[in-house]
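Readers should treat all values here as calculations from the given coordinates under stated rules, not as data from a laboratory. Just so we're clear, the structure is a prediction, and the values are computed from it rather than from any experiment. Glycine also receives a Cβ, built like all others from the backbone with ideal geometry; neighbour counts cover every protein chain displayed.
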Amino acid sequence: MATELQFPPEGAADDWTIPQDWQRYTAAEHGMWDHLFARQAAMLPGRVVPEFMDGLDMLRMTKPGIPDFDELSERLMKATGWQVVAVPGLVPDRVFFEHLANRRFVAGRFIRTPEQIDYLQEPDIFHDVFGHVPLLAHPVFADYMQAYGEGGLRADGMGAIDRLARLYWYTVEFGLIRHEDGPKLYGAGIVSSYAESLFALDDASPNRIGFDLERLMRTKYRIDDYQQSYFVIDSFEDLLRQTVETDFAPLYAGLEGSEDIEVEAILPDDRVYHHGTQDYARAKKIAA
Ligand code: PHE
Ligand code: FE
């Protein structure tokens, strides 16, 4: 596990940002980006929400090589007023929320090595930038991310960060969205992973359940393997409306002492799109 630092490391600014040093990437590192990019770009159309592909195009992320954050920020700024800034690794919650609330997305600048191609403990630039940035060009999703940052600062004051983190996990990282021809992907943790992009949408194992804010804030999640449940939002507009128009303070208070919901559970009130077999998780457990 990555250890979280308390103070910005040597060379980082007070807000924890560091220069991307784009000119320092090697040909092999650019090549790794291109390899990962080509693999996802071939598989995602039709599976990912169309706005994601639009974002890649609009931000010119389709051009070869690791994106230069300054260039990316310039385009993003014109589209939705967001920027991408580099940080040395995981940053403290408040720092993260503060950046989001100011429409700055913090990204790692390192890229995985060939040994780490399918499994990484800490998010690298491919996850952070390929996974997260395209939807920041979408006005509604961009507003959601900023609101989330403000909500995070507020949650911190109420001791409710863990609850709010579940919302991030099941939307921003692992969310699915309804579409006329069945659910599509939008979560960055899914779309930056070849294997999970297939699993989340096509595999019979995981549950696919309609988004319900309170339910989701009670649901545990796993950080070591594919999710056992995915939550499907109706639209970005609906997600933004439901979260921004709800005062979370009474929600947090009401949930205090409530029991957590297990990752594989299906509840009587769930809107079930797919009742998972959980075969994958079961087989993994037996093997372990
Ligand atoms: N409305 C939430 C609150 O009252 C803040 C929030 C907005 C959280 C959007 C997440 C996403 O705290
Ligand atoms: Fe992420």
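Suppose we keep just the DSSP beta bridges with both residues in the chain; what percent of those would be antiparallel, to 5? Don't skip to the end; give the middle numbers.
Values: 5 of 18 bridges.
Within the chain, antiparallel bridges account for around 30 percent of the total.
Rounded if a/c is under 1.5, else prolate if a/b is larger than b/c, else oblate: which is segment 173-259, with a ≥ b ≥ c the root eigenvalues of its Cα gyration tensor?
Values: a/c = 2.31, a/b = 1.47, b/c = 1.57.
Note, shape of segment 173-259 comes out oblate.
Subtracting the Cα-Cα distance from 0.36 nm times the residue separation, let me have the gained length for Thr26 to Asp234 in nm, one decimal.
Values: separation 208, 0.36 × 208 = 74.88 nm, distance 4.19 nm.
Computed gain between Thr26 and Asp234 is 70.7 nm.
How many nm separate the modelled label positions at Glu245 and Gln121, each set 7 Å beyond the Cα in the direction of the Cβ?
Output for this residue pair reads 4.4 nm.
Could you run the Karplus curve 6.51 cos²θ - 1.76 cosθ + 1.60 with θ = phi - 60° over segment 262-275 and give me ³J(HN,Hα) per residue in whole Hz, x for Gly and Pro?
In residue order, the calculated couplings are 5, 4, 9, 5, 10, 9, x, 8, 5, 8, 8, 8, 8, 8 Hz.
Specify whether the C-alpha gyration tensor of segment 119-173 places it in the rounded, prolate or oblate class, a ≥ b ≥ c being the square roots of the eigenvalues: rounded for a/c under 1.5, otherwise prolate if a/b is larger than b/c and oblate if not.
Working: a/c = 2.60, a/b = 1.32, b/c = 1.97.
The shape class here is oblate.
Can you give the charge dipole size of the chain about its Cα centre, rounded to the nearest 20 debye, using +1 on the beta carbon of Lys and Arg and -1 on the beta carbon of Asp and Glu?
On the way: 27 positive and 48 negative charges, 77 e Å.
Its charge dipole is roughly 360 debye.
Given labels modelled 7 Å from the Cα in the Cβ direction, how far is it in nm from Asn102 to Arg178?
Placing both labels 7 Å beyond Cα along the Cβ direction yields 3.8 nm.
Could you point to the residue in Ala42, Gly151, Tyr252 farthest towards the positive end of the chain's charge dipole, with +1 and -1 charges on the Cβ of Lys/Arg and Asp/Glu respectively?
Highest projection toward the positive end goes to Ala42.
Can you list residues whose amide H is under 5 Å from Gly65's amide H, if they're 5+ apart or on another chain and H is modeled 1.01 Å from N?
Placed amide hydrogens put Asp34 under 5 Å from Gly65.
Can you tell me how segment 29-117 classifies by the Cα gyration tensor, rounded, prolate or oblate, using a/c under 1.5 as the rounded cut?
Oblate is the answer for segment 29-117, as a/c is 1.5 or above yet b/c matches or exceeds a/b.
Starting at the first residue of segment 115-131, write each ³J(HN,Hα) from the Karplus equation 6.51 cos²θ - 1.76 cosθ + 1.60 with θ = phi - 60°, in whole Hz, x for Gly and Pro.
5, 9, 4, 10, 9, 9, 7, 10, x, 9, 5, 5, 4, 5, 8, 5, x
May I ask which residue of Val263, Ala188, Gly108 lies farthest towards the positive end of the charge dipole of the chain, with charges of +1 (Lys, Arg) and -1 (Asp, Glu) on Cβ and the Cα centre as origin?
Positive-most Cα among the choices belongs to Ala188.
So who's got an amide H within less than 5 Å of the one on Asn207, skipping anything under 5 residues away but keeping other chains? H placed 1.01 Å off N, in plane.
So Asn207 has HN proximity to Ser229, Tyr230, Gly276.
Mind putting a number on the dipole of segment 156-288 about its Cα centre? Charges go on the C-beta only, +1 for Lys and Arg and -1 for Asp and Glu, and I need it in Debye to the nearest 20. Provide the component values of the computation, followed by the final result.
Values: 14 positive and 25 negative charges, 63 e Å.
The calculation lands at about 300 debye.
Collect residues whose amide H, placed 1.01 Å from N in the peptide plane, falls under 5 Å from the amide H of Thr219; neighbours closer than 5 in sequence don't count.
Answer set, sorted by chain and number: Ile261.
Where the centre of each part is set by its Cα atoms, how far does segment 220-266 sit from segment 56-132, in angstrom?
25
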